Amino acid sequence: MRLLLVEDDDRVAAALTAVLGRHGFQVKHARSGHEALDALVPDGNDPFRVVLLDLGLPDRDGFEVCSRIRAGSGVPVIMVTARADIRSRIHGLNLGADDYITKPYDMGELLARIHAVSRRGLPAAPAGPAEQAGGPLASRGIVIDRERRRVSVQGRDVPLTRKEFDLLALLAQSPGVVYRREQIFSEVWRSGWEGNGRTLEVHIGSLRTKLGLPGLVEAVRGVGYRLIAEQPADDADRAAPTGAPGTAGTDAAGTDNAGTGTAER
């Protein structure tokens, strides 16, 4: 997922870029409002999915930049600023910002807000098997039919439980982007993650086994999971018949094994 970071402090930008990069984001850094507006001009690259906009820019006020972005683009904008007063919040949202977060902030909260606004900017998911025909999962032969809640691999239907389908559909929204455990539980289980880590491990392991693609879902140490869309040339994880044994993999703590625990349906 491409993200435009508009921040005039290079140290802040470098630290934030490093963290976002570890979570699967491709970050472009703009140091001024002028650079930000230039970066949003279509150039043949994938469009930015989110703009993180600081308000204290050297050449123009961030509110003006937000207004100009919104006049020519529908890209979601999150204002990230030290201005905590309610009038600034209201003004920013009235100008078209999708969210407003004040410094200092928790990184987990910022990541959750980025994922939330990026989903709002996506077009409605197309129905039917054509959804993934030429998409990022095509190299693995995976088709997700969200309307009928069906999944197939290399033309083979794969029966999934309700939670397994919801988990796969969430990760497939942004292949390569790391979803935090807290966010996965919020989106799929509508509950908090604390104390439920084993449930998530069991569902990830079950997905790997049923799809016959042990390397499809990758655990990121201490963070969460991401979906690996591209199938390596030497990938031995070929689709296997339903019920064939698969390798569950290992998560941050080395405990992500599907052999134990009970999968919540």
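No lab work stands behind these numbers, since they all come straight from the coordinates. Since we're looking at a predicted model, the values are computed, not measured. Here the Cβ is made from the backbone with ideal geometry for all residues, glycine too, and neighbour counts use every protein chain on show.
What whole-number volume per residue, in cubic angstrom, does the convex hull of the C-alpha atoms of segment 1-60 give?
67
Given points 7 Å out from each Cα along the Cα-Cβ axis, report the residue 9 to residue 41 separation in nanometres with one decimal.
3.0
Explain nothing, just the number: relative contact order of segment 1-105, from Cα pairs under 8 Å at least 6 residues apart, as a whole percent. Working shown, then result.
Details: 172 pairs, mean separation 26.1, N = 105.
Relative contact order for segment 1-105 comes out at 25 percent.
List the lysines whose Cα lies under 23 Å from the Cα of residue 210, skipping any in the same chain that are fewer than 8 positions away.
163
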